Amino acid sequence: MRAELVVDRIDQERGRDRAMSAAAADARVAAFRGLVGPGLDHAYGLAAVILGDRYEAEDAVHDAAEVAWRRWSDLRDQSRFEAWFGKIVVNACRDRLRRRRRRRIMEIPRLALDSEHPTAPDETDASALRDLLRRAFERLSPEERIVVVLRYEADLTVPRVAELVGIPEGTAKSRLHHALRKLRAAIGEEER
C-alpha cells in the first residue's frame, strides 16, 4: 500500500515533465517504479528504526523517493540503485533528526518502598529501562544515533553502515565507539 502511494506521487510528477514525450515519460516512470518499488518496505523499516516513529518514517521515505526521482539522472549505474537510495533515505532521516526539538522530560521521584516487601520484576521495570535507554539515546548527535541504530538495531556491518551514511569505514567505527561511550556515561549518570 505504501509503495503505491509513493509511486502514485511520482506518477503525478510525470505530468509536470513536459520536456519529454509521453512515451519516454511513461518508460522513465516504469523504470523508476521497477527500481524503487521492491525496496520501499526495507526503506520504511530502516527509517522507522532510525527515527523511532513509523509515521515520521513514512514521511522520510516519501521525501527520499521524491529526491531520488528528481536526482535519478545523477545515478550512473542502475545496479547500485539500492545503495544510492539507501543513502538518500539515511540523509532524509538525518535531516528529520536534526529538526526535532528536544523535549523536556520531568523526572518523577520514586517512592521509598518498605524493605519488608520484596519486589518482583514487572512491566514497570521494563518500562523504566526503556525510558532510561531512550533518555540516554537522546543525548547522542544525529550522526551518532544513525550509526548506532544501523549497526545494532538494523544489524548491519560497519562497512555497510559506512556505505549507507556515506563516510569512511574508520569514521563509522570512531562514531560508533564515541556513541557507545556516551551511552554508557549517560546511563551511569541516570542510574546514580
(request) Evaluate the following for Ser115: is it at pLDDT 70 or above and of a type in the set (Ser, Thr, Tyr)? (result) no
(request) Could you please find all residues in region 46-73 being within 26 Å of Glu138 (Cβ to Cβ) and in contact (Cβ under 8 Å) with a residue 40 or more places away in the chain? (result) Leu46, Ala47, Val49, Ile50, Leu51, Glu56, Glu58, Val61, His62
(message) Of everything in region 147-162, what is in contact with a helix residue (DSSP H, G or I) (Cβ under 6 Å, 6 or more places away or on another chain) and part of a helix (DSSP H, G or I)? Give them in sequence order.
(response) Val147, Val148, Val149, Leu150, Arg151, Glu153, Val158, Pro159, Val161, Ala162
(message) Anything in region 123-142 that is closer than 17 Å to Ser174 by Cβ and crowded, with 18+ Cβ neighbours inside 10 Å? List them, or say none.
(response) Leu140
(message) Restricting to region 51-82, give me the number of residues that are of a type outside the set (Asp, Glu) and modelled with pLDDT under 85.
(response) 9
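The values are calculated or read from the model by the stated rules, or taken from the named source; none is laboratory data. Just so we're clear, the structure is a prediction, and the values are computed from it rather than from any experiment. Reconstructed Cβ throughout: ideal geometry from the backbone, glycine too, with neighbour counts over all protein chains shown.
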